[in-house]
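Engineer: Dropping a structure here in structure tokens format, bear with me for questions.
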Amino acid sequence: MTWSILARDDDGTFGVAIASRFFAVGGLCVHTRSQVGALSTQALMNPLYGPAGLDALAAGCNPEELVAALTGADAGRDHRQLHVLPASGRGAAHTGASCIGWCGHAVHDDFSVAGNMLAGPQVIEATAQTFVATKGQALAERLIAAMAAGEAAGGDKRGKQAAALRIHGREDYPLLDLRIDDHAEPIAELRRLYAKSLERYQPFLACLPKRDDPAGLTDRSEIEARIARFQTLRRQDTP
């Protein structure tokens, strides 16, 4: 009842986008950890895969072995869909034999796409093709474009309801974590909220405490100045 894309940017940033005809799909399906990996558990999801999977990746577990271990220990494995992307190298995926069609996955060098209850394989294909075609754009923008292409190709065959986008860089907290839990056009709304985040949220987040700057920026006038500079640069970059 869902499709999603996991991606890793050249600088190691992880991105995940997901959509479904299911309420709050971003709440329990998507899991990320800085410098460790990203995963999505789908179909009859198993939220326990998230913490266990990321812990195993952090300990050095191979993605193929991880997927085999998680699903092998789960009596409900035939009803699960899972894909995993590590900090380096290719990911791995599992689509259970009892997942509802169309269902399947595609694993590439730095991203993977998986879905079930879809209109057909063209949803996965369009999502992947658009992600590749938009290389050079911001990761969040590539993910949203990819999901929009998958939706245009048929998306979830039951319709639309929820979507989510998460971007996780080198900090312990995500750079962006957007959820559309119940909306007639969730991917369009996700795109709107992403654009809204560029107004103040993203430049403000850049001022918060970080691993190499535990205090962050506390001078409010300087914070406002940085937000203003961010907006100026955006205007200059906009055709």
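The values are calculated or read from the model by the stated rules, or taken from the named source; none is laboratory data. Bear in mind the structure is a predicted one, so any value in this text is a computation, not a measurement. FYI the Cβ positions are ideal-geometry reconstructions off the backbone, even for glycines, and counts take in every protein chain you see. The accessibility values were calculated without ligands, DNA or RNA, using every heavy atom of the protein model including side chains. Shrake-Rupley method; radii C 1.70, N 1.55, O 1.52, S 1.80 Å.
Engineer: For the chain, modelled as a Gaussian network with Cα springs under 10 Å, which listed residue fluctuates most, 17, 138, 149?
Structural biologist: 138
Engineer: Compactness ratio of the chain: Cα Rg over 2.2 N^0.38 Å, N = residue count?
Structural biologist: Dividing the Cα Rg of the chain by 2.2 N^0.38 Å gives 1.01.
Engineer: In addition: Translational D (Stokes-Einstein, µm²/s) of the range 46-98 at 37 °C and 0.692 mPa s when Rh comes from the Kirkwood sum over C-alpha pairs?
Structural biologist: This corresponds to a translational diffusion coefficient of 297 µm²/s.
Engineer: With a/c under 1.5 counting as rounded, go ahead and sort the range 60-128 into rounded, prolate or oblate using the C-alpha gyration tensor (a ≥ b ≥ c being the square roots of the eigenvalues; past the cut-off, prolate if a/b is larger than b/c, else oblate).
Structural biologist: oblate
Engineer: Please work out the FRET efficiency for the pair residue 236 and residue 24, using the Cβ-Cβ distance as r and a Förster radius of 30 Å; give the result to the nearest 0.05.
Structural biologist: Taking R0 as 30 Å, the efficiency between residue 236 and residue 24 is 0.20.
Engineer: Which net charge results for the neighbourhood of residue 110, defined as the other residues with beta-carbon distances under 11 angstrom from its beta-carbon, given Lys and Arg at +1 and Asp and Glu at -1?
Structural biologist: It works out to a net charge of 0.
Engineer: May I pose another question? Can you tell me the dipole magnitude for the chain around its Cα centre, using point charges on the Cβ only (Lys, Arg +1; Asp, Glu -1), in Debye to the nearest 20?
Structural biologist: So the dipole magnitude of the chain works out to roughly 460 debye.
Engineer: May I ask you to derive the FRET efficiency for residue 137 and residue 88 from their Cβ-Cβ distance with R0 = 35 Å, giving the value to the nearest 0.05?
Structural biologist: 0.95
Engineer: Further question on the same structure: What shape does the range 131-185 have by the C-alpha gyration tensor, where a ≥ b ≥ c are the square roots of the eigenvalues, rounded means a/c under 1.5, and otherwise prolate means a/b greater than b/c and oblate the rest?
Structural biologist: oblate
Engineer: Express in whole angstrom the spacing between the alpha-carbon centres of the range 10-31 and the range 54-70.
Structural biologist: Using only Cα atoms, the two centres lie 19 Å from each other.
Engineer: While we're looking at this one, here's another question. Evaluated at 4 °C with a viscosity of 1.567 mPa s, what Stokes-Einstein diffusion coefficient in µm²/s does the range 1-137 have when Rh comes from the Kirkwood expression over alpha-carbon pairs?
Structural biologist: 89 µm²/s
Engineer: Heavy-atom accessible area of residue 135 with all protein chains present, probe 1.4 Å, nearest 10 Å²?
Structural biologist: Accessible surface of residue 135 is approximately 130 Å².
Engineer: Now, a different point. Whole angstrom only: what separates the Cα centroid of the range 219-239 from the Cα centroid of the range 164-212?
Structural biologist: That distance is 17 Å.
Engineer: For the pair residue 219 and residue 158, what calculated FRET efficiency results from E = 1/(1 + (r/R0)^6), where r is the Cβ-Cβ distance and R0 = 45 Å, to the nearest 0.05?
Structural biologist: Efficiency, from the Cβ-Cβ distance: 0.35.
Engineer: Given the options 214, 51, 186, which has the most mean-square fluctuation in a GNM of the chain, springs set between C-alpha atoms less than 10 angstrom apart?
Structural biologist: Residue with maximal mean-square fluctuation among 214, 51, 186: 214.
Engineer: Further, regarding this structure: Tilt of helix 220-237 relative to the longest C-alpha principal axis of the chain, in degrees (0 to 90, nearest 10)?
Structural biologist: With both axes taken from Cα atoms, the answer is about 70 degrees.
Engineer: In addition: Which percent of the accessible heavy-atom area of the range 81-205 goes to carbon and sulfur, probe 1.4 angstrom?
Structural biologist: C and S fraction of accessible area: 53 percent.
Engineer: Enumerate the whole-percent occupancy of each 5 Å bin, from 0 to the last occupied one, for all C-alpha pair distances of the range 163-239.
Structural biologist: All Cα pairs, binned at 5 Å, distribute as 3, 14, 20, 19, 20, 14, 8, 2, 0 percent.
Engineer: Relative contact order for the chain: what percent, with Cα pairs under 8 Å and sequence separation of 6 or more?
Structural biologist: 21 percent
Engineer: In percent, what relative contact order does the range 34-101 have, based on Cα pairs under 8 Å that are 6 or more apart in sequence?
Structural biologist: The value is 37 percent.
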